[in-house]
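Single-structure report; data block below.
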Amino acid sequence: MYGEVVAHYAALLESWPQLNDGMGVTYVQGLNHDAVILAFGGHPADAMMLTVDEAIDVALAGRPSVDSVLVREAGEWIVVVEPLSGYRGESAPVLQAVASVRAVNVFWSIAGPASFSMAAAGETAFWLDLNDSSNDRLPADMAPLAEALGLWDSDWYAPALALAELLTGVRLTDEFLAGKFTTVLLPQQ
């Protein structure tokens, strides 16, 4: 069962190699689009509609001073994709601000840092360093799931996204990533 979910994300990342160097994905339940944009440091009036590739092109043209935050609905969840940098959604203040019900974040950077976190009711439930295989910060009931997904394997990108899907019920697909997102461009922090 879990092998299919991990295989799906391995294939997705293979078809989207531009996301492998650095990315953040935050799944938000309980807030609307505008509230999520504000929590990430943007303003809804400054938003534009862009695809992931268009946002990457704009961010790269403005480097090193521009990050892009892409927001799109997926059922009862809001999905925020941060190509290239991804660090905003993994920060405790942003994660807690968007976690009115629940929020899940997966983050990795070409510089090495990588994390998986979950927050509920405005509080961080857990935070994991994906480069550290000691899973002592993972709730005991989730440890078997993380192990079954291969979260502590050397290539944890797909297992981390699979874990996010299992916690949220949201499957990222080629079609979803190829669509237009409400996008805000923000100065790098």
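The values are calculated or read from the model by the stated rules, or taken from the named source; none is laboratory data. In this text the structure is predicted, and so the values were computed from the model without any measurement. In this analysis, Cβ positions are derived from the backbone assuming ideal geometry, glycine residues included, and neighbour counts consider all displayed protein chains.
Remarks
- Residue check, residue 91 of a type outside the set (D, E, K, R), within 20 Å of residue 19 (Cα to Cα) and in contact with a Leu (Cβ under 9 Å, 6 or more places away or on another chain): no
- Search result, residues across segment 78-93 that are in contact (Cβ under 8 Å) with a residue 60 or more places away in the chain and of a type outside the set (Ser, Thr, Tyr): 79, 81, 83, 84, 86, 88, 89, 90
- Filter result for residue 112 (more than 14 Å from the chain's Cα centre (by Cα), small (Gly, Ala, Ser), surrounded by fewer than 17 Cβ atoms within 10 Å (Cβ to Cβ) and under 30 Å from residue 48 (Cα atoms)): no
- Residue identified as of a type in the set (Phe, Trp, Tyr) and farther than 15 Å from residue 23 by Cα among 108, 77: 77
- Answer residue from segment 72-102, given it is surrounded by 24 or more Cβ atoms within 10 Å (Cβ to Cβ) and at pLDDT 95 or above and is nearest to residue 185 (Cα to Cα) among those: 80
- Some residue of segment 139-147 being outside any helix (DSSP H, G or I) and either in contact (Cβ under 8 Å) with a residue 60 or more places away in the chain or surrounded by 16 or more Cβ atoms within 10 Å (Cβ to Cβ) (or both): yes
- Among the residues making up segment 168-189, a single one is among the hydroxyl-bearing types (Ser, Thr, Tyr), within 14 Å of the chain's Cα centre (by Cα) and crowded, with 16+ Cβ neighbours inside 10 Å: 168.
- The residues of segment 13-29 that are among the hydrophobic types (A, V, I, L, M, F, W, C), under 18 Å from residue 109 (Cα atoms) and at pLDDT 95 or above amount to a single one, 25.
- When 45, 121, 55 are screened for being more than 15 Å from the chain's Cα centre (by Cα) and in contact (Cβ under 8 Å) with a residue 60 or more places away in the chain, only 55 passes.
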